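The values are calculated or read from the model by the stated rules, or taken from the named source; none is laboratory data. Being a predicted model, the structure only gives us computed values, none of them experimental. We place every Cβ from the backbone using ideal geometry, glycine too, and count neighbours over all the protein chains shown. Side chains included, ligands, DNA and RNA excluded: accessible areas come from the protein's heavy atoms. Shrake-Rupley method; radii C 1.70, N 1.55, O 1.52, S 1.80 Å.
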Amino acid sequence: MSFELVHFERKAAGKKDISHLGPEAAKRALDFHKSFDIYEETPLAALKELSKQLGVKGIYVKDESYRFGLNAFKVLGGSYAIGNYIAEKLGKDLSELPYRKLISEEVKQQTGDITFISATDGNHGRGVAWTANKLKQKSIIYMPKGSALERLENIKAEGALAEITEFNYDDAVRLADKQAGEKGWVLVQDTAWEGYEDIPTWIMQGYTTMAYEAYKQLGEVKPTHIFVQAGVGSLAGAVQGFFAGVYGEDRPVTAIVEPNEAACIYKTAKANDGKIHPVTGDMNTIMAGLACGEPTTVGWEVLKDYSDYFISCPDYSAAQGMRVLGNPIGEDRRVISGESGAAGFGLFYEVLTNPSLLWIKEELGINEDSVVLFFNSEGDTDRENYRKIVWDGLYPRP
């Protein structure tokens, strides 16, 4: 288990258009989410005491464990994609379908019965199931082998037909796609491939609500660095696209973080040959939400043109991140972060406290003037494992 890094030099020409993820598009997504009865802006934790201890100017953590009572950010993408799908089906703009209108009997009568299907490690599927349930529609959710039973039960509680399969994540996606094609169901997946890109793009746009909120909460504070974790790359692409759209060439240095066992984006960046380089097999990592072997095409197109660093890290750094965030210094806000949610922060903390990783700190240009932004993408969505890590010290630093 190791820390590995790839650096991409910034290019001035030939970049992917990111206007669909920029501030105007993000404002449209935010307006949609604001129409939800339970919408509340999730907190941005300013860890001032930890900043002093680690020798940086500022550490900020956008805490998505509060999102819509679902303990993760994923519902932002699933709901926005389903909303756009229905709007398109009805020949309307999504701005004409706020949440109350979307869940109305009038809209249900116009759309008829729809079955939404997806593959998930837990958080995305729960968001899809929650949205389908509110719309009085059906959902079917497949989960990869090894998924936590708590996450399965949370999905079933939203009215979905859900099961843990014998497949890894990517094969579970293929199963869902096959079922959708054969039975006329609607696949709502946050990974994309040739011929399936509209819904994954809407999902990424939905995620920009989180980035837009964080930007507004920061006010005049401009981050110098952003660490964001990646599974297929939809979250990372959305965050990267938004902040590149806001700041242009003066954007923060961005590091995309993945687990060693599922570092498909790192592997693709390292090869840098214009091809996607998947990871196959079981991908045994505690970062279940990042255990994805194939980058999404719509995310990778953004990341390869706008990101600076791609980093692969061991499980213990995420575990350490969970412990540090959950046990703050002084008046710092406590952040309950799951295994995937702590990936970016855990990597950062390890780099700043492990002398053998000084080379990464220097490579990233982190110093006393650095202002670093993180996205805690999930809370303790698997509470049993959270306690084993934070209480019992599972996956200790070597």
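What to note about this one:
- For segment 114-228: rounded, prolate or oblate by the Cα gyration tensor [a/c cutoff 1.5]: prolate
- Mean separation of Cα contacts under 8 Å, 6 or more apart, over the residue count of segment 87-138: relative contact order %: 37 percent
- Restricting attention to segment 96-248, the count of lysine pairs at 8 or more positions apart or across chains with alpha carbons under 16 Å apart stands at 9.
- Highest-first packing order for the peptide set 168-177, 286-295 is 286-295, 168-177, based on the mean count of other beta carbon atoms within 10 Å.
- For His7, solvent-accessible area (1.4 Å; no DNA, RNA or ligand), Å²: 70 Å²
- Whole-percent carbon and sulfur share, accessible surface of the chain, 1.4 Å: 46 percent
- All lysines inside 18 Å of Lys361 as judged from Cα atoms, apart from same-chain residues fewer than 8 positions distant: Lys52, Lys57
- Total formal charge among the other residues, if their Cβ is under 15 angstrom from that of Glu41, Lys/Arg +1 and Asp/Glu -1: 0
- GluC sites (Glu not before Pro) within segment 189-244, DSSP loop, no more than 16 other Cβ atoms inside 10 Å: Glu194, Glu197, Glu220
- Between 0 and 90 degrees, the angle of helix 75-90 with respect to the longest Cα principal axis of the chain falls at about 30 degrees.
- Alpha-carbon centroid distance for the pair segment 25-67 / segment 233-275, whole angstrom: 20 Å
- Computed E for Glu106/Lys183 - FRET, C-beta separation, R0 25 angstrom, nearest 0.05: 0.40
- Rounded accessible area per residue of the chain, 1.4 Å, Å²: 39 Å²
- Result for the chain in a Gaussian network model with C-alpha springs under 10 Å: among Val107, Val228, Val372, the largest mean-square fluctuation is at Val107.
- Charge tally in the Cβ shell below 14 Å around Ile389, where Lys, Arg are +1 and Asp, Glu are -1, Ile389 excluded: -2
- For segment 1-79, the spherically averaged projection of the C-alpha convex hull amounts to 9.2 nm².
- Heavy-atom accessible area order for Thr353, Thr131, largest first, 1.4 Å probe: Thr353, Thr131
- Candidate aspartates and glutamates - alpha carbon under 15 Å from Lys48, same-chain residues fewer than 8 apart omitted: Glu331, Asp332, Glu368, Asp369
- If you take all other residues with their beta carbon under 11 Å from the beta carbon of Thr201, and give Lys and Arg +1 and Asp and Glu -1, the sum is -4.
- In degrees, nearest ten, helix 315-326 long axis to first principal axis of the chain (Cα): 90 degrees
- Gyration tensor verdict on segment 20-153 (Cα atoms; rounded if a/c is under 1.5, prolate if a/b is larger than b/c, oblate otherwise): oblate
- Answer label, with Cα extents along the principal axes in Å calculated from the coordinates and candidates [x] 61, 46, 41; [y] 81, 57, 40; [z] 98, 54, 42: [x]
- For trypsin sites (Lys or Arg not before Pro), the sites in segment 236-330 that DSSP calls loop and that have at most 10 other Cβ atoms within 10 Å are Lys275.
- Among Pro355, Pro223, Pro278: highest mean-square fluctuation, GNM of the chain, C-alpha pairs under 10 Å: Pro355
- For Asp382, the solvent-accessible surface computed with a 1.4 Å probe is close to 30 Å², ligands and nucleic acids excluded.
- Tensor-based shape of segment 302-398 (alpha-carbon gyration tensor, a/c under 1.5 rounded, otherwise prolate or oblate): prolate
- Contact order relative to length of the chain, as percent, for alpha carbon pairs under 8 angstrom and 6 or more apart: 23 percent
- Under a Gaussian network description of the chain, with springs only between Cα atoms under 10 Å, the residue in Gln229, Gln137, Gln189 that fluctuates furthest is Gln137.
- Taking every DSSP bridge with both residues inside the chain, close to 25 percent are antiparallel.
- Within segment 340-377, the GluC sites (Glu not before Pro) that combine a DSSP coil assignment with at most 15 other C-beta atoms in a 10 angstrom radius are Glu368.
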